[in-house]
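Please treat every number below as a calculation from the coordinates, not as lab data. In this text, all values refer to a predicted model and were calculated from it rather than measured experimentally. Neighbour counts run over all protein chains shown; Cβ positions are idealised from the backbone, glycine included.
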Amino acid sequence: MPRDMKIGSIAHEAAPDSEAGSSRRTDFAFAASAPLVRPSFEPRSYPLVGWATFAVVLAAWQLVAWRQADAILLPSPIDVASALYGMMGTGELQADLGASLGRLTVGWVIGAGLGALTGFAIGLYPLARSSVLPLVNALFAIPKIALLPVFIVWLGIGELSKVTTIAVGVFSPMAIAAYSGMDAVDRNLIRMAQSFSVPTLAILRKVILPGMLPMLLTGARISGAIAIVLLVGAEMIAAENGVGALALTSGGLMRTDRLFAAVAILGALGLTASWLVGLAERALLKWR
């Protein structure tokens, strides 16, 4: 083979390797320079990015509000902050927030506790799965706020009807999350523990409970949001105080600055609930 042809053949064979190496270097440079946008299979987050997103949204909101001729249509974040400060000065904000937090906490604890126990029983006993699970699924499909008038007729217009509405709304998601978490536990681990004559209570405590915790905490996160939605609906229909009543009254009086302040409070409640669940996940799921 002539010498020139040999050189061309060698160059042709080396070209793919050179291109592959160049591609790998490009991918590495992209991964090193853009850690926020490259795909990742790790549950990693960047808190500063979240705060920056809020800042951008607030700045855009402020700019749009400045261009509005009528502040009633869209109050600016400054107007909303001023309304919040004014309600704090009069004590109205503390009274409404305290009433809402009391209803929310009591209703969620009762509903989530009963739902988790029911889901545990469904996952553990075939009789409970056959008899109770259809009722849970049927209840889950019913709009819970539609049951509030029934609870008012049965329990009165006081606190009990509102707490019951929240508890019933939270019950089904927690029950479904609990038994789904039990179903997701690896059955080979359970059989292995049984083959070593591990007591049933120890299997429940050391195998099933850790395995179902991720799904259970996910249910807690979802049910917390549902509880806030039901809280607002119940307070708008049958309450004289609370954040939902504040939003309804402010909207009726065309005080949109106070209305947006109530919405901001509800958003803060949702963020706080999600943050608390995140703390529980980091504390209880260190083994993942």
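Label points 7 Å out from Cα along the Cβ direction at W154 and A184: separation in nm?
3.2 nm
Calculate the FRET efficiency for E92 and W275 from the Cβ-Cβ distance with a Förster distance of 25 Å, rounded to the nearest 0.05. Before the final figure, lay out each step's value.
Values: r = 26 Å, r/R0 = 1.02.
So, using R0 = 25 Å, E works out to roughly 0.45.
Using the basic label-point model (7 angstrom from Cα toward the beta carbon), what is the L73 to F140 distance in nanometres?
With each label point 7 Å from Cα toward Cβ, the separation is 4.3 nm.
Between S130 and M192, take the C-beta separation as r, use R0 = 22 Å, and let me know the FRET efficiency to the nearest 0.05. Show your work: numbers first, answer last.
Values: r = 27 Å, r/R0 = 1.24.
Efficiency computed from Cβ-Cβ geometry: 0.20.
Suppose every K and R has +1 on its Cβ and every D and E has -1 on its Cβ; what is the size of the dipole of region 179-258 about the Cα centre, in Debye to the nearest 20? If you can, show how the numbers build up before the last one.
Working: 7 positive and 5 negative charges, 74 e Å.
Value, rounded to 20: 360 debye.
Take S274, S100 and order them by how many other Cβ atoms sit within 10 Å, fewest up front. Walk me through the numbers on the way to the answer.
Working: S274 14, S100 27.
Ascending number of Cβ neighbours within 10 Å: S274, S100.
Gap in Å between the Cα centre of region 71-105 and the Cα centre of region 234-288?
11 Å
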